[in-house]
Amino acid sequence: PRRYRYYQNACTQSYSYVWWDWERWEREIDWMALSGINLAPAFVGQEAVWQRVYWSLGLNQSEIDAYFTGPAFLAWNRMGNLRGWAGPLPPAWHLKQLYLQYRIVERMRSLGMMTVLPAFAGHVPRGVLRVFPRINATRLGGWSHFDCTYSCTYLLDPQDPMFQVIGTLFLKELIKDFGTDHIYSADTFNEMTPLSSDPAYLSRVSNAVFKSMTGADPEALWLMQGWLFQHQPDFWQPAQVRALLHGVPLGRMIILDLFAESKPVYQWTESFYGQPFIWCMLHNFGGNHGLFGAVEAINHGPFAARRFPNSTMVGTGVVPEGIEQNDVVYELMNELGWRQEPLDLPSWVTRYAERRYGAPNPAAAGAWRLLLRSVYNCSGVCVNHNRSPLVRRPSLRMDTQLWYNASDVYEAWRLLLAAGAELGSSPTFRYDLVDVTRQAAQQLVGEFYLSIRRAFQSQALPELLTAGGVLVYDLLPELDNLLSSHSLFLLGRWLESARAVATSDREAEQYELNARNQVTLWGPTGNILDYANKQLGGLVLDYYGVRWSLFVSALVESLNSGSPFHQDQFNQAVFQVERGFIYNKKRYPAVPVGDTLEISRKLFLKYYP
């Protein structure tokens, strides 16, 4: 049950790693080694290999360009969800990514890790139908809120002879370049409804995918994300799940039970009907900021999975969609991969505070025990999309519910500030102080929103002007100042890292638009609006702040004129603001300004309840 300690999610490649250079990759791989990770994907540069395969099949460049998305959306291109959006990929992109991939696999293997390489899942560019007019391919439906302009990929029929030709050709090319550890990843139906629920069809698909792997590597093992089973449970009934899993010989597939801390699949599939699985903690969606964890579920879940009747568990995994948030949860999960039984969490977190700051401090330890029992202790089915009004498009029906006691966070904030004199020189302390202050400010935004809504509904203009004014002209600018004081909370860092990959001004502009769109509209028309929201210095002021200003003005205007507030009209107006941010061409600093401790203390003196 402890054979593997797995790390990375297919989406992390786009939400977090997309603009990384070798230096940043090397740090991550070293952290993986220090954390005991021994199995992880190496997905970088695969588009360059695919391009060679498409060329050899007879596709032309414009057909390839119409298929690949831009860099910030490649994760969903690889899973057959999207095509073409924010693309194409410039030639220099392929060269740089290939160079990175050579170094990534070399470094991972030198530290004793097994690499998981990508394989063919069955999705093909439309150009394949031009070259092979008799090929049997069918269009899948649209993904998420995208229509067929950028979605509806073609899926090759599993019995079409070209399935094996393309799949094996790609894998042989890949192995020739990068060698292999014999484990391959492919997701045919990630958030995509299959063309038929007939078990025989589903078995044929998984069998075809596996066969195309063994055609290139007889020792192939297929690693598959188990997200689809809990994402579309109405489709994936036991018969369908069993059919897909049993299309592959037992033991030649490993399933990632991707969201096991909240919605484990092994429990209702008799431990994946005999196929090995890895118990994974997903934890984060879209790389959102926001303190969150389900520590009791992860402290007990892996041990319950081992004790499950006829358990086929072969390891634990950490699979966040985005990283660089909530370090404590990942430290805990990485430790649990080595343990025989659950930890005593309050004493563990006390030691964690000491390790993290390099010195024992009663106030800091107290703050962490409060955070552990509140924000980090979500129970039941917890899905961590940050829904705070701060990072969502304003309306009169916003969700302000918390799963914890807000006063615990305010008190932890007070205790951390009290520890500032002793621990202020520790970089990890300064990061945590920003993060906890940011969480307190996020809670305050929710409280101001409720005041604004109450004032509007009771037609109290003075109260509306007061609450709206404090939010828009003081709290949000102060939060932006706080975030701007730490390099890990800067919009400029995200945008400049995107520009740094470019080899021309034109590429720099394309990459920056990719980076801006991902954290805001997520698509041309706000298709997955604010899914990947971040709290970054620059973004709070020029994106969230401008939206709130427009909302408060619209409510004031409505009370002044006596005409009702129309959400639809507001949405049209605010979309122009959101789109305007993506194209504002403003350069944001990638270097922090101001003293974190001073800014946090100033916010505390003004706003501590």
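Descriptive notes on the structure:
- Leu111 in the same structural domain as Met32 (by the TED database), open to solvent by less than 60 Å² (accessible area, probe 1.4 Å) and either of a type in the set (A, V, I, L, M) or farther than 22 Å from Thr193 by Cβ (or both): no
- Residue in the range 54-66 that is small (Gly, Ala, Ser), open to solvent by 20 Å² or more (accessible area, probe 1.4 Å) and free of Cβ contacts under 8 Å to residues at least 12 places away in the same chain present: yes
- Flag if Ala72 is within 29 Å of Gly274 (Cα to Cα) and touching a residue at least 12 places away in the same chain (Cβ under 8 Å): no
- Checked against the criterion of being over 29 Å from Phe146 (Cα atoms), open to solvent by 20 Å² or more (accessible area, probe 1.4 Å) and at pLDDT 95 or above, the range 181-193 has at least one qualifying residue.
- As a summary of the residue check, Leu541 satisfies the conditions (1) under 21 Å from the mean Cα position of the chain (by Cα); (2) of a type in the set (A, V, I, L, M); (3) open to solvent by 40 Å² or more (accessible area, probe 1.4 Å) except for the one numbered (1).
- Note on the range 495-609: no enclosed helices (runs of 4 or more DSSP H) hold 3 or more residues that are in contact with an Asp or Glu (Cβ under 7 Å, 6 or more places away or on another chain).
- Criterion applied to Val381, Val391 was being out of contact with any Asp or Glu (no Cβ under 7 Å at 6 or more places or on another chain) and touching a residue at least 24 places away in the same chain (Cβ under 8 Å), and the one residue passing it is Val381.
The values are calculated or read from the model by the stated rules, or taken from the named source; none is laboratory data. What you see is a predicted model, and the numbers here were worked out from it, not measured in a lab. A quick note on method: Cβ atoms are made from the backbone with ideal geometry, for glycine too, and the neighbour counts reach across all protein chains shown. Remember, those area values only see protein heavy atoms, side chains included, never the ligands or the DNA or RNA. Shrake-Rupley method; radii C 1.70, N 1.55, O 1.52, S 1.80 Å.
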